[in-house]
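First comes the structure, then the notes that go with it.
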Amino acid sequence: MNGSRVRALLVWSACIIIAAIVVVRARYITDLSAFLPDKPTPTQQLLVDQLRDGPASRLILIAIEGADADTRAKLSRALAAALRRDARFARVENGEPVTEQADREFLFMHRYLLSDEISAQRFSAAGLHAAIGDSVADLASPTGLLFKSLLPRDPTGELLHIIDQLSATTGPETRDGVWVSPDGKRALGVAQTAASGSDSDAQERAVAAIRAAFATAGAQGGSAAAQGAPAAAPGPAVLKLSGPSVFAVAARAKIESAALRLSLIGGALVVTLLLAVYRSLPALGLGLLPVASGALVGIAAVALGFGVVHGLTLGFGTTLMGESVDYSIYFFIQSRNLRDSGAERSSWAERWWPTVRLGMLTSVCGFASLLPSGFPGLQQLGLYSMSGLVTAALVTRFVLPALLPKAFSVHDVTPIGAAIAAVLAPIAQLRRVVVAACALILALLASLILYLHHASLWNRQLSALSPVSVEEQNFDAELRAELGAADVRDLIVVSGPDLESVLRGAELAAGALQPLLDQKIIGSFDSPAAYLPSMAAQEARRGSLPNASQLRDNLRQASTGLAIRFERLQPFLEDVEAARHGPLLSARDLSGTSLNTGFESMILHQKERWNALLPLHGAEAGQEIDLPRVAAALHAAHLDAARVLDLKRESDDLYTDYLGEAIHLALAGFAAVAILLLVALRSALRVALVLCPLILAVLVVAAALAACQVQLTILHLVGMLLIVAVGSNYALFFDRQGHAGERSSLPVLASLVIANAGTVIGFGLLSFSRVPVLVALGCTVAPGAFLALVFSALLAPPGAARAP
C-alpha cells in the first residue's frame, strides 16, 4: 500500500472517530423551533416567545372518559391531588376549590390594593352610601348570603368585586366537585408545567408523570372496589391528554420512531439490493462505507454548527443513503467494466471521477442555497446534505481504492444493462425532433396543471409541518371548547424593560379595552394586573383611602337611611386604617395561592425584556374577535408598547415568509447549478441538455401532486432540490458519453439504474411514514429521481443512450 493510500486511511479514520464522539455527545430536539426564525423581527420575536415559552406552550389538557360519573370524578380528584404535589407542575385545576380558602383570605386581606374600584370618590359620603346600599341589596342573592358575615368589615363589597373581576371568563360546568364536559361524559382538567414549553425532555417527563399518576389512581380505585365498593361501571376509565406539550412529546416519539424504523428498513432493502448486485459480502461492506461516513460526518457537522440536531435532520439521513450509495455503485461497476476492457482500475479516477465529482458539486450548489436561510431547519438540512455528500464522494474516491483487495470483483451486471438498452432501443430510433416535441408537450401540460392550481398550490400554514393528525387537532379543539375558551390564540402583548412598566401598560390597556367590552367586540380579557396591580396603581389606591377621622365622618353620613347601623361598621374603619399604613404587594406575596399561577402564566420574562400577556376571549363561543378594532383602541390610547397578536395568523404569516424565502433560495441554488455546469462544460447547449430532464422531472412531479390535490410545503420544495441534485448525476453521465462520441456501455447503464433503484428505495420509504414532512420528501423525490433518469436517457445526446 503506497503512502498516499495510507494517508487517506489515516485521515478518514481520524475524521470518523471525531465525528462519532460529536454525534454521541450532541443534543437532539424535535419541536418546531427549527422552523422558527433565528433572527426574528420584533413581532416575530413575540410569536416565537409564545410558541416556545408562553403559557399556551406549557398547557396540558386532561380528559377522563369511560366508567361512570362517580368513578371519573374520583379519578379526577386523585389525579389532581397527585399532580399538585409534583414540582413539575405549576398549576393543576379540575374544578376543586382546593385553594379557595387561602385565595379568599389573601384577597380579603389586600382588597384595598387589588380592587380597581378603589378611589377617593368611592370613600366619600355619597360613594360609601351607594356602595353599602348595593352590598346590603346583594345579601338577598344566594351569593350575597355567603358574605353576610363579612359585611361589617367589607361593607363596600370589594371582595365580591375582585372575585367577579378575576372570574370574568366562563369556565366549564362542575358536577360532583369537578369539571365535566357539557354532556357529562368526560371529567376535565388542566395542568401547566413548570418547565418551559421548549424543554422537550421536561415536557416528556411531565406527560409521563400524568399517565403514571392516573395509573396509580386507577389501581387504588380497583383495590377499593374489590374490598366492597360498588361494582364498576361498564368499560374502564381512559385518560386522554392534549395540548402543545402532549403534541411535542408525541411528535418527538413519532419522528424518532420513524427515523429509526425507516433507517432500518431502508438499510435492509438497500443492503439486499447491493448484495443481489454485487454477490459479494466484502463489496457490500465496502460499498456502505461512503453512506455511513457521510451520515456520521453530516450529523456531526450539524451538531457543531448549530449546537443541536433536529429530529427531521435524522430522518433526512435516511434519504442521504439513497444518493451517497450511488458513488460506490458507480465505482465498483464501472471499475469492473474498465478492467474487463483492459484498463487499470486506477483509470476510473481518470475517466469517471470528474463526472461524479461534477455531479456531487451540483448537489452541493443546490443545498448551499439553504444556508443563507433565516430558519435553522433549512440551514440544518443544507449543511447536513452538503457535508454528507462531500464525505461520501471523497470516501469513494480515496478510501475505497485503498481498501480493495487485489482479487476484488463484483458480479457482472451486463445483462441488466442489456435489458435496459433493449427497452431504450425503440425510443432511441426516434428522430430527435419527435422526442423534443414530446418533452415540450409534457412540460406545457405540467405547466398548465400548475397554473390551474396556482391559487391553492402551496400550503401556507405552519401546521402543515406538524406531525399532529387532523383527528388529534379536532380533539384538542373540542377539549378547549369544553374547558371554556382555553385556547390562547388572540393576545395583547405589552412589552417593557421591567415588571412595573408592563403591569402599568396592562392597566392602561384594560382601560382602552373597556369600551370594546361594552360593545361586545370582545367578551372578556385576562390581565396579570388583575392579580398584581402595578406599584403605581397600588400607591394611588392606598393614597385614596381617607384618614380615620375623615372616613368616620363620611361613614356616619353614609349610613343614614341604610339597613345597617354605623356602630356595626367599626371593623371596616380599622381595616381601612391598617391598609393606609400597610405595605404594597409584590410578586412574592402571591406565593401559596392560585393567584400566583394565574399571574405567572401571563408574565413572560426573557433576558432584558418583560412581556405582559392579556388573552382575549370572544363574547360568544366560537366568535372571531375583531382584532383591527382592538389594535385601533390601543393606538387611540397611545399604547405604543402594546401589540395585538393572533398566534395562528402570525405563525401562518411567518411560514408564508419562510416559504417565499425558500423558493427564492431554491431558484438561486438552481442558478448556481447552471453557472457551475456552464463553467465546467463550457457549452450552453450541453448545459441545456443536462438541465432539461431535471426541469421536466420537477414540473411533472409538482403537477402530479397538484392534480392529486396535495398542497406543496417547504419540504416538497426541498425535495425538488433533491431531484435536481440526484438527477444531475444521471444527466452528466449521458452527457459525458455523448460529448465523447461514445455509446453507453451496458455496465454503465446498469450502474445508473441500480443507483437510481437505491435512491428510489431510500426516498420511497418516506412515503409510508406518519410524519408529514417526511412523507412530503418521499412522494416528491422517489418519483422525481426515477423520472430524472428516464428523461435523461430519452433526452441524451445522439448515441449516448444507445448500447454498442
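Computed 3J(HN,Hα) for the stretch 184-195, one whole-Hz value per residue from the Karplus formula 6.51 cos²θ - 1.76 cosθ + 1.60 where θ = phi - 60°, is x, 8, 9, 9, 10, x, 9, 10, 10, 6, 6, 6, glycine and proline marked x. The calculated FRET efficiency for Ser544 paired with Lys648, based on their beta-carbon distance and R0 = 56 Å, is about 0.85. Among the GluC sites (Glu not before Pro) in the stretch 583-671, those placed in a DSSP loop whose Cβ has at most 12 other Cβ atoms within 10 Å are Glu608, Glu620, Glu624. Once the chain from Gln461 to Asp138 is taken as fully extended at 0.36 nm per residue, the excess over their C-alpha distance is 111.2 nm. The simple spin-label model puts a point 7 Å past each Cα toward its Cβ; for Leu445 and Arg565 those points are separated by 10.1 nm.
Seen from every direction in turn and averaged, the convex hull around the alpha carbons of the stretch 495-536 projects onto 3.0 nm². Accessible area per residue was computed with a 1.4 Å probe on protein heavy atoms; Ile441 scores about 110 Å². For the stretch 621-669, the alpha carbon convex hull comes to 110 Å³ per residue, rounded to a whole number.
Taking the three principal axes of the alpha carbon atoms in the stretch 383-463, the coordinate ranges are 59, 47, 20 Å, sorted in descending order. Over the stretch 640-742, the fraction of Cα-Cα pairs per 5 Å bin, rounded to whole percents and listed from the shortest bin up, is 2, 11, 16, 18, 14, 11, 8, 6, 4, 3, 2, 1, 0, 0, 0.
Between Arg91 and residues 5 or more places away or on another chain, which pairs have amide H atoms under 5 Å apart, with H built 1.01 Å from N, and which residues are they? Residues meeting the criterion, in which the H sits 1.01 Å from N, are Gln192. Residues within the reach of a label modelled at Ala671 (point 7 angstrom out along Cα to beta-carbon, backbone nitrogen below 13 Å), restricted to the stretch 697-724: there are none.
Computed over the Cα atoms of the stretch 565-645, the ratio of the radius of gyration to the Kirkwood radius (Rg/Rh) comes to 1.15.
Taking the alpha-carbon distance from Lys254 and a cut-off under 20 Å, which aspartates and glutamates remain once sequence neighbours fewer than 8 residues away in the same chain are dropped? Here the aspartates and glutamates satisfying the reach criterion relative to Lys254 are Asp31, Asp199, Asp201, Glu204, Glu471, Glu472, Asp476.
Measuring with a 1.4 angstrom probe and ignoring ligands and nucleic acids, Glu204 comes out at about 90 Å² accessible. Across the stretch 470-538, the relative contact order, built from alpha-carbon pairs under 8 Å that are at least six residues apart, equals 29 percent. In terms of distances greater than 27 angstrom between alpha carbons, the cross-link table entries Lys240/Lys648; Lys148/Lys520; Lys520/Lys648 yield Lys148/Lys520. Using the beta-carbon distance between Arg84 and Met535 and R0 = 35 Å, what value does 1/(1 + (r/R0)^6) give for FRET efficiency, to the nearest 0.05? Result of the calculation: an efficiency of 0.70. Principal axis extents of the C-alpha atoms in the stretch 365-512 (largest first, rounded to whole Å): 82, 48, 32.
With r defined as the distance between the Cβ atoms of Ile663 and Arg279 and R0 fixed at 60 Å, what FRET efficiency is calculated, to the nearest 0.05? Rounded to the nearest 0.05, the efficiency is 0.85.
The values are calculated or read from the model by the stated rules, or taken from the named source; none is laboratory data. Since the structure is predicted, the reported quantities are computational estimates derived from the model, not experimental observations. All Cβ positions, even for glycine, are placed from backbone atoms using ideal geometry, and neighbour counts span all protein chains on display. The protein model used for the area step is the full one, side chains on, heavy atoms only, and it has no ligands, DNA or RNA in it. Shrake-Rupley method; radii C 1.70, N 1.55, O 1.52, S 1.80 Å.
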